[in-house]
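A short write-up of the structure that comes next.
The values are calculated or read from the model by the stated rules, or taken from the named source; none is laboratory data. No experiment lies behind these values; they were computed from the predicted model shown. With ideal geometry, Cβ positions are generated from the backbone for all residues, glycine too; neighbour counts draw on all protein chains shown.
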Amino acid sequence: MRELAKLASRRDRIILPIWVDALVGSAFSTAYSLKGLFPDQASRQVFVDGVKSAAGAAPLYGRIMNASLGAITAWRLGVLAAAVAAVMSVLLVVRHTRAEEQTGRQELVAAAAVDRTAPLAAVLQFVVSLDLGIGVLIGAVLPILGLPAAGAFALGLAVAGCGIFFAAAASVCAQVFESSRAVNTAALSLLGAFYLLRAVGDAYHAVSWLVWASPVGWAEAVQPYAGDRWWVLAIPAAGAALLAALALSLLSRRDFGSGVLAARPGPARAAADTRGTFGLAWRIHRGAVAGWTAGVLVGALVFGSFVKNVQVLTGGEQVRKTLSELGGSQNPTDAYIGAIMEVFAIMAAAVALTVIGRARAEEADGRIELVLAGTPSRARWVASHAVFAVLGPVLVLAAAGLGAGLSDGLSTHDPAHALGSLLGGAFAQAPAVVLIAALAALLFAVAPKYTGASWGLYALFAFLSLVGPELKVGQYVLDASPFSQAPKLPGAAFAVTPVAVMGALAVAGLAAALAVFRRRDVLA
Amino acid sequence: MPITSDVINTSGLRKRFGRAVALDGLDLQVAAGEVHGLLGPNGAGKSTTIRVLLGLLRPDGGTAALFGGDPWRDATTLHRRLAYVPGDVNLWPNLTGGETIDLLGSLRGGLDQGRRDALVERFELDPKKRCRAYSKGNRQKVALVAAFAGRADLFILDEPTSGLDPLMEAVFGDCVAEVKQRGATVLLSSHILAEVERLCDRVSIVRAGRRVDTGTLEDLRHLSRTTIDATVSRPVAGLEAMAGVYDLEADGRSLRCQVDSGALTKVLRLITDAGVQTLTSRPPTLEELFLRYYSGAQR
């Protein structure tokens, strides 16, 4: 079993450090930046009062307990980090259990001299120790910034507890469903439902007990830096133990490769929307586009609810300065809108890269041959995917503008004005996003095997836009990122030149991608 | 481009990938209405040839013609007339088999619903299953049903039965016979020699990116050696030294050897002179034929 756990950690040697860095690093950087933004008790108190009056804050982050730096850090981080740890745990467990079983690789292991429960036990052991390790690291890094160690470990272990609980929950789902995709969907939907459950509990005092009904809420209920309720950690531990026992017992009762629930049969014939090149592209991309759109819509509803309170929230001088650098305006409200729309633009660009990545997978896995051996031309094939790479992100931006506009408009009782200014802010980002889609498409056409490298470029652009202003690098470096070039409406004046240039470059890039793809070999 | 009635005509086709030479001057002629076997060891260039014919790869040299047209330039018009089944069938995991068949049909200009349903039945395919749950053989069945349910004039099949059980191989054979019956042309790349022997009118054998031989199986056999087993009254003299005789095993009154077709008359005369008691002569099996080609022995 130790060998199996080792195999798992070896197969994940690239992705694991990324998860650990993301969780521990964001804990450290959150505490660090909060310390810089709110150096004294007075500024923190202003911030905390502002947060308490913002309708969207409690559902997203949970309740803020007091005005100490530790409590603000725990508030800003706790629930989100717990959810991220849960996502990580689910993906890892599924990757090493049902996905292995589905591809048949695990038959090799099952045929060897190991107990049938050994692979699952090994994966659980591996993921649980990973979560605990992340919790301990969070506990270890926060005291570097002068935060008390007890609260830091309480926060770290609260995050780990949520991860461990969902690792066990995913292992149960892996016994129930036959396809790894169904398992991921089930476990992550469960996470989403529990996140919403505690959001409702945090939003409405009358049903605050709902927080206790959610594993994500347990992380909050530990209350790091506000009492450090250690005993709460026993709840996810006990829950995880029960679920793991259930998973192991289900595993020993079912056939290899099957699930407790048999896969449901699908349609025997293709519906009208599954025909032709564009019908195929629709089936390939609709899930990702719909998922991102829905996610961004929810996020925009939450962040839009802050718009009204920005003036209050940004009492501190330091906060205003940072915000105006990010959002391109002296008016904090406009700067805030500019800043969140930039973040949504970065998410929208991820949709474009996902679509292009899947188009490349069509080619690499040979499915493109079945299409091109039919009557569709290469131009048609490229167009069918490019449509989703361009319109998908635009749809996401529309969701960002619509969500933020609606939630701001409902709280200010002026939906027309709010929708206008927030939709404008969102769509001002479109040329930048489409330019990135075009760059990725061009890379796919010219160097198909390196299509994935567009994610590196994307990360660089996102980094320059989000962190660049604080790095004191030259403006020309920041200007390299399309995200920085997009006008920050409604605060800044609408600049025609960057929009026109980016738009023209995007069109030229897409045209070049098409021209190159028509001439090159189809490569596996 | 030569004017020809051949459905497929390539001459001197060349293609390299980096330093690896995939096609080294390959010639291939497939006449209208014939079932043509494309044979050769792994890596001989069979799939590369097919990809060039489908307009997926652009040749570095030589010419290729499909129905007299250019497979690269005229791809979309040519593809109205052909159906393709790849060797390694990868399908969309979230689509069911039935959806995939209809999708592939729509990409090829429609398919006959009645024949589609009949083929699903004959291949015993469950069309409601998601493709991710299909075995290799079932994925091949999906591609085969989609191909045979259309009315293509040319079928390009790249090792289409490598995952099928013998029963389904028989169904596949019937399908090939049916499309041949209505005048369609079939290019069949295969490793299953019994299948080639049963289905193909002519074969081309490729090795290292070149065609080493082409013709009917009978033609190929003629160029090859016959195995002779005989029991004789007294030892046969002079057989060892005779040109065209190979692998002679003489043990008193029984002998076995392989004989070139040119030397057959003389050898038989010697054996009858020695008082033949039993005699079997056997044409080379396909295995023997191909092993010689594949391993690169001289003809």
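Data table
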item: Matching residues, the stretch B:15-51, being over 17 Å from the mean Cα position of the chain (by Cα) and of a type outside the set (G, A, S); result: B:K15, B:R16, B:F17, B:R19, B:V21, B:L23, B:D24
item: The stretch A:277-296, subset at the interface with chain B (Cβ under 10 Å from one of its Cβ atoms) and either in a loop (DSSP other than H, G, I, E, B) or touching a residue at least 40 places away in the same chain (Cβ under 8 Å) (or both), residue nearest to B:E99 (Cα to Cα); result: A:L280
item: Residue under evaluation A:Y336, criteria (1) of a type in the set (S, T, Y); (2) assigned to a loop (DSSP other than H, G, I, E, B); (3) more than 14 Å from chain B (Cβ to nearest Cβ), criterion not met; result: (2)
item: Residue satisfying all of: in the stretch B:74-96; in a strand (DSSP E or B) and within 22 Å of the chain's Cα centre (by Cα); nearest to the other protein chains (Cβ to nearest Cβ) among these; result: B:Y84
item: Unique match (being in contact (Cβ under 8 Å) with a residue 12 or more places away in the chain, assigned to a helix (DSSP H, G or I), surrounded by fewer than 19 Cβ atoms within 10 Å (Cβ to Cβ) and assigned by TED's automatic domain parsing to the domain that holds A:V109) among A:A71, A:A22; result: A:A22
item: Candidate set from the stretch A:400-417 (those that are surrounded by 24 or more Cβ atoms within 10 Å (Cβ to Cβ) and hydrophobic (A, V, I, L, M, F, W, C)); member that is farthest from the other protein chains (Cβ to nearest Cβ); result: A:A404
item: Single unsatisfied condition, A:L457 versus (1) farther than 30 Å from B:L54 by Cα; (2) modelled with pLDDT under 90; result: (2)
item: The stretch A:83-121, subset among the basic types (K, R), more than 14 Å from chain B (Cβ to nearest Cβ) and outside any loop (DSSP other than H, G, I, E, B), residue nearest to the chain's Cα centre (by Cα); result: A:R95
item: Test: residue in the stretch B:273-281 that is in a helix (DSSP H, G or I) and not small (G, A, S); result: yes
item: Selection status of A:A213, away from chain B (no Cβ under 14 Å), within 23 Å of A:I138 (Cα to Cα) and either in contact (Cβ under 8 Å) with a residue 60 or more places away in the chain or among the hydrophobic types (A, V, I, L, M, F, W, C) (or both); result: no
item: Candidates A:L406, A:L422, A:L464, filtered to the one that is more than 16 Å from A:A339 (Cα to Cα) and of a type in the set (A, V, I, L, M, F, W, C); result: A:L406
item: Scan of the stretch B:147-159 for residues that are over 26 Å from B:N42 (Cβ atoms) and either crowded, with 24+ Cβ neighbours inside 10 Å or within 12 Å of chain A (Cβ to nearest Cβ) (or both), ordered by number; result: B:F148, B:A149, B:G150, B:A152
item: Count of the stretch B:1-59 residues which are of a type in the set (S, T, Y) and in contact with an Asp or Glu (Cβ under 8 Å, 6 or more places away or on another chain); result: 3
item: Test result for A:A199, in a loop (DSSP other than H, G, I, E, B), more than 14 Å from chain B (Cβ to nearest Cβ), buried (at least 17 other Cβ atoms within 10 Å of the Cβ) and small (G, A, S); result: no
item: Count of residues meeting criterion [part of a loop (DSSP other than H, G, I, E, B) and either among the small types (G, A, S) or facing chain A (nearest Cβ under 8 Å) (or both)] in the stretch B:127-136; result: 4
item: Scan of the stretch A:359-381 for residues that are more than 7 Å from chain B (Cβ to nearest Cβ) and over 14 Å from A:H285 (Cβ atoms), ordered by number; result: A:E363, A:A364, A:I368, A:R378, A:A379, A:R380
item: Subset of the stretch B:259-284 that is touching a strand residue (DSSP E or B) at 6+ places or on another chain (Cβ under 8 Å) and over 17 Å from B:V232 (Cβ atoms) - its residue that is surrounded by the fewest Cβ atoms within 10 Å (Cβ to Cβ); result: B:R282
item: Conditions (1) part of a loop (DSSP other than H, G, I, E, B); (2) surrounded by fewer than 16 Cβ atoms within 10 Å (Cβ to Cβ); (3) more than 8 Å from chain A (Cβ to nearest Cβ); number of the one not met by B:P71; result: (2)
item: Some residue of the stretch B:22-37 being assigned to a helix (DSSP H, G or I) and either within 23 Å of A:R519 (Cβ to Cβ) or small (G, A, S) (or both); result: no
item: Filter result for A:F194 (outside the structural domain of A:S171 (by TED's automatic domain parsing) and aromatic (F, W, Y)); result: no
item: Matching residues in the stretch B:97-113 - criterion: being facing chain A (nearest Cβ under 7 Å) and part of a helix (DSSP H, G or I); result: B:G98, B:E99, B:D102, B:L103, B:L104, B:S106
item: Hits in the stretch A:167-189 (condition: away from every other protein chain (no Cβ under 13 Å) and of a type in the set (G, A, S)); result: A:A167, A:A168, A:A169, A:A170, A:S171, A:A174, A:A186, A:A187, A:S189
item: Those residues of the stretch B:189-204 which are crowded, with 17+ Cβ neighbours inside 10 Å and modelled with pLDDT of 90 or more, in sequence order; result: B:S189, B:L199, B:C200, B:R202, B:V203, B:S204
item: Criterion (surrounded by fewer than 21 Cβ atoms within 10 Å (Cβ to Cβ), at positive phi and either more than 14 Å from chain B (Cβ to nearest Cβ) or not in a helix (DSSP H, G or I) (or both)) met by exactly one of A:G259, A:G299, A:G227; result: A:G227
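For every residue, the table says whether it meets (1) in contact (Cβ under 8 Å) with a residue 12 or more places away in the chain; (2) surrounded by 24 or more Cβ atoms within 10 Å (Cβ to Cβ).
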position: B:R19; (1), (2): no, no
position: B:V30; (1), (2): yes, yes
position: B:T48; (1), (2): yes, no
position: B:L66; (1), (2): yes, yes
position: B:Y84; (1), (2): yes, yes
position: B:N94; (1), (2): yes, no
position: B:I101; (1), (2): yes, yes
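Conditions (1) in a helix (DSSP H, G or I); (2) out of contact with any Lys or Arg (no Cβ under 9 Å at 6 or more places or on another chain); (3) within 22 Å of A:V507 (Cβ to Cβ), marked per residue:
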site: A:L443; (1), (2), (3): yes, yes, yes
site: A:G452; (1), (2), (3): yes, no, no
site: A:G456; (1), (2), (3): yes, yes, no
site: A:F463; (1), (2), (3): yes, yes, no
site: A:Y476; (1), (2), (3): yes, yes, no
site: A:A480; (1), (2), (3): no, yes, yes
site: A:S484; (1), (2), (3): yes, yes, yes
